[in-house]
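Below is one structure, written out as C-alpha cells; comments come after it.
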Amino acid sequence: MTDNAVRFVDVKNITRWAAQQGVEHIVVGMIDYIEADFRRWPIFDKCARIGSHSDVGVIELMPTSDGQEYGFKYVNGHPSNPASGHQTVTAFGVLADVATGYPTFWAEMTVLTALRTAATSAMVAKHLARPDSATLALIGNGTQSEFQALAMRAALGINSLRIWDTDPAAMAKFIRNAKPLGFDVYVATSAHDAVRGADIITTSTADKASATILTANMIEPGMHINAIGGDCPGKTELDAAILTMGDVFVEFPEQTRIEGEIQQMPADFPITELWRVFTNEAAGRTSPDQVTIFDSVGFAIEDFAALRYLRDAVDGTGDYALVDLIANPSDPKNLFGLVADARVPVLSGGA
Ligand code: NAD
C-alpha cells in the first residue's frame, strides 16, 4: 500500500455505518453539511450534469469543486430496471485534492444518494413547508421512500404518512419497513386520496415519461410539494398548471430548466434559487396559504456535501478500507519502473 492510498467505503461498510448511526441521525448531520455548502454556493465550480441518454435511461456524471476539493458522482436512472431485478438508480462517487489532483476518498453512493436526497428534501422542507406541518403524502414507494419519510421525521417531526404507489408490492414493502419504525401509515387508494389534507407531498415516482402524478385540483392552499422524480428531459411528475399555483424553488437553474418540472415552462419562467433563500437574499414561504414547490433534480453540490459528511463521519472508525488506486512510483517520471519491477522472473535453463 502506498502513501497515496484512497479511503474506500463499500456497500458492506456504508450499510453497517448507516445501521449503527441510524438514518435520522445521519440525515440531521448531513443537512448541516449540505446547507453549509448551499450558503457558500457562489464559490463552487458549477455545471449542469453531463447525461448520456438511451431509450431506457440515462447515465450521468455530476462534478463540482470548492477550490480545495473536487468531487463527482456517477449515477444512472433506468425506470424499467426493477422489472428485470435491477435498481432504477445506482451510484458511486469520488473526492479529490485540488492541489495535486489525486483522489482521496471513494464511496458507494446508491445508499448515499438515498440519504442525501432525503436530507435535501428535509432541508428544503424545513425552510419552505409550514412550520406546523404534520402529515406527509408519499407518492412512489420505491427505493427513496423510506429514506424520505425518515428524513422528514428527523427534520420536522412528521410521523403521519399517506402513501400511494401504482405497484401494490411497493406499498406492501413500504408498510413492512415503516411500521416497525413507528410511523402512522394511511394506505391510499389513489394519488388524489393520498394527498388529501397532507401538509407536504413528496413525489418520488420513476417513469421515463411526462407523467402527471399530481394535477392542479389535488393541490390545497399551504401545501409544500417536494417533486423529486422528474429529473430528466422528458421525465416529469407535475401537471404544468401546478407550477403557476405557487412559488417554484430550484437547485441550479441551468440544470433544472433542462431536467426539472419547469422544462414544461418557458425559458424565462420565474424561479427562486434555494441558496438565496438560505442566505436571506430571497424570500421563502411568506404566508401560511402559499403553495411552495421544490422542483428537485439533484445537484452535484449535494453529493459533494454528502461525500464530505461520510468521509468525516467514518474517520477513525473501521467503516472504510484503504485501496491502492493511484500508481505511486518513487521517481514520478518512472512509471515504467513499477511495471518493470512487477515482472515475474522467467526461469531459464533446466531441462
Ligand atoms: P424506484 O423505481 O425504486 O421507485 C419508483 C416507484 O414509483 C415505483 O415503486 C413505481 O411503482 C412508482 N410509480 C411509477 N409510476 C407511478 C405513478 N404514476 N403513480 C404512483 N407510483 C408510481 O425509484 P427510486 O430510486 O425510488 O427513485 C424515484 C425517482 O426519484 C426516480 O425517478 C429517480 O430518478 C428520482 N430520483 C431523484 C433524485 C433527486 O435528487 N431529485 C435522487 C434520486 C432519485
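Name the residues in the range 146-190 that are of a type in the set (A, V, I, L, M) and more than 23 Å from the chain's Cα centre (by Cα), would you? Full working, then the answer.
Taking the range 146-190 first, the residues of a type in the set (A, V, I, L, M) are 149-152, 154-156, 158, 161, 163, 169-172, 175, 178, 181, 185, 187-188.
Selection gives 169, 172, 185, 187, 188.
Picking from 49, 16, which residue would you name as being closer than 22 Å to residue 69 by Cβ and of a type in the set (D, E, K, R)? Within the list 49, 16, the selection yields 49. When the range 75-90 is filtered for residues that are surrounded by 14 or more Cβ atoms within 10 Å (Cβ to Cβ) and farther than 13 Å from residue 111 by Cα, the ones remaining, listed by number, are 76, 77, 78, 79, 80, 81, 82. Considering only residues that are within 10 Å of the ligand (Cβ to nearest atom), in a helix (DSSP H, G or I) and hydrophobic (A, V, I, L, M, F, W, C), look in the range 86-140 and name the one that is nearest to residue 30 (Cα to Cα). Per the stated criteria, the residue is 118. Look at (1) surrounded by fewer than 20 Cβ atoms within 10 Å (Cβ to Cβ); (2) of a type outside the set (Lys, Arg); (3) at pLDDT 95 or above and you find that residue 55 fails only one, number (3). Taken as a whole, the structure leaves residue 213 outside the set of residues that are crowded, with 21+ Cβ neighbours inside 10 Å, away from the ligand (no atom under 12 Å from the Cβ), within 21 Å of the chain's Cα centre (by Cα) and not hydroxyl-bearing (Ser, Thr, Tyr). Here the range 251-306 is the region considered, the condition is being over 17 Å from residue 219 (Cβ atoms) and of a type in the set (Asp, Glu), and the residue that is surrounded by the most Cβ atoms within 10 Å (Cβ to Cβ) is 303.
Listed conditions (1) within 14 Å of the ligand (Cβ to nearest atom); (2) assigned to a loop (DSSP other than H, G, I, E, B) are all met by residue 316, apart from (1).
If the condition is being in contact with a helix residue (DSSP H, G or I) (Cβ under 9 Å, 6 or more places away or on another chain), of a type outside the set (A, V, I, L, M) and within 15 Å of the ligand (Cβ to nearest atom), then the range 186-204 contributes 192, 202, 203, 204. Of all residues in the range 169-180, one or more are free of Cβ contacts under 8 Å to residues at least 24 places away in the same chain and within 10 Å of the ligand (Cβ to nearest atom).
The values are calculated or read from the model by the stated rules, or taken from the named source; none is laboratory data. What you are looking at is a predicted structure, and each value in this text was computed from that prediction instead of being measured. Note: ideal-geometry Cβ built from the backbone for every residue, glycine included; neighbour counts use all protein chains shown.
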